[in-house]
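First the structure, in the form of structure tokens, and then the observations on it.
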């Protein structure tokens, strides 16, 4: 799991360093309301949250009865006040420019490689107001952020999406399906996948 995150961030650093990203830095991205630079900054911040949350959480933190999962994490994150601030924060952080952001992403890859190799399997991190989840589950949430935004960035600048381990994408699909089931129930998801004529008033996909 941790290796998949490192691979995805490394692929993002390679893509981010390309001239096409530099040329389009201040242009609109594939995500409404974000420039290519803002999207790049958001990707780096999302991946770097792994280290930030590790640093904030004591290594001897004890698990609680209400540990977040990747599914409940995203359900809570969408309702978090920070969700509304993402575009502004990303725009501000992109002001360091293309070259500095690409270097930041490259450095982050190495920091993750070093840090994740030494953290124990039962390590916890506190996120969303200190609510706990396992480090590996938090890495699963980072796969969603990095892989989806890696694709967004590639589309934004007309590049091919970098190849990454298919297992990472499969994990993302499983989590997104789990979010849909959590929000809408199994039958609504089943209808969306196999009986679209029976889908109710609320669309099941996309989940974000």
note = residue 173 fails exactly one of (1) within 15 Å of the chain's Cα centre (by Cα); (2) surrounded by 13 or more Cβ atoms within 10 Å (Cβ to Cβ); (3) assigned to a helix (DSSP H, G or I), namely (2)
message = Against the definition (farther than 14 Å from residue 42 by Cα, modelled with pLDDT of 95 or more and in contact with a strand residue (DSSP E or B) (Cβ under 6 Å, 6 or more places away or on another chain)), how does residue 124 come out, yes or no?
response = yes
message = Checking residue 26 against (1) closer than 22 Å to residue 144 by Cα; (2) assigned to a loop (DSSP other than H, G, I, E, B); (3) without any contact (Cβ under 8 Å) to a residue 24 or more places away in the chain: exactly one of these is not met. Which one?
response = (1)
remark   = Note: among 147, 153, 135, just one is in contact with a strand residue (DSSP E or B) (Cβ under 6 Å, 6 or more places away or on another chain), modelled with pLDDT of 95 or more and either buried (at least 16 other Cβ atoms within 10 Å of the Cβ) or within 28 Å of residue 63 (Cα to Cα) (or both), namely 135
ask   = Taking region 182-208 only, how many residues are crowded, with 17+ Cβ neighbours inside 10 Å and part of a helix (DSSP H, G or I)?
value = 5
In region 177-188, the residues that are under 23 Å from the mean Cα position of the chain (by Cα), without any contact (Cβ under 8 Å) to a residue 40 or more places away in the chain and closer than 14 Å to residue 203 by Cβ = 180, 184
key: Selected residue (only one of 167, 159 is closer than 19 Å to residue 12 by Cβ and assigned to a loop (DSSP other than H, G, I, E, B))   = 159
request  = Check whether at least one residue in region 1-13 is farther than 28 Å from residue 137 by Cα, part of a helix (DSSP H, G or I) and touching a residue at least 12 places away in the same chain (Cβ under 8 Å), and report yes or no.
outcome  = no
ask   = Within region 78-85, is there a residue that is in contact with a helix residue (DSSP H, G or I) (Cβ under 9 Å, 6 or more places away or on another chain) and either without any contact (Cβ under 8 Å) to a residue 60 or more places away in the chain or not in a strand (DSSP E or B) (or both)?
value = yes
request  = From 95, 76, 47, grab the single residue that is surrounded by fewer than 18 Cβ atoms within 10 Å (Cβ to Cβ) and within 25 Å of residue 27 (Cα to Cα).
outcome  = 95
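The values are calculated or read from the model by the stated rules, or taken from the named source; none is laboratory data. Predicted model only: the values in this text are computed from it and were never measured. Quick reminder, even Gly has a Cβ in these numbers, built from the backbone with ideal geometry, and neighbours come from all protein chains shown.
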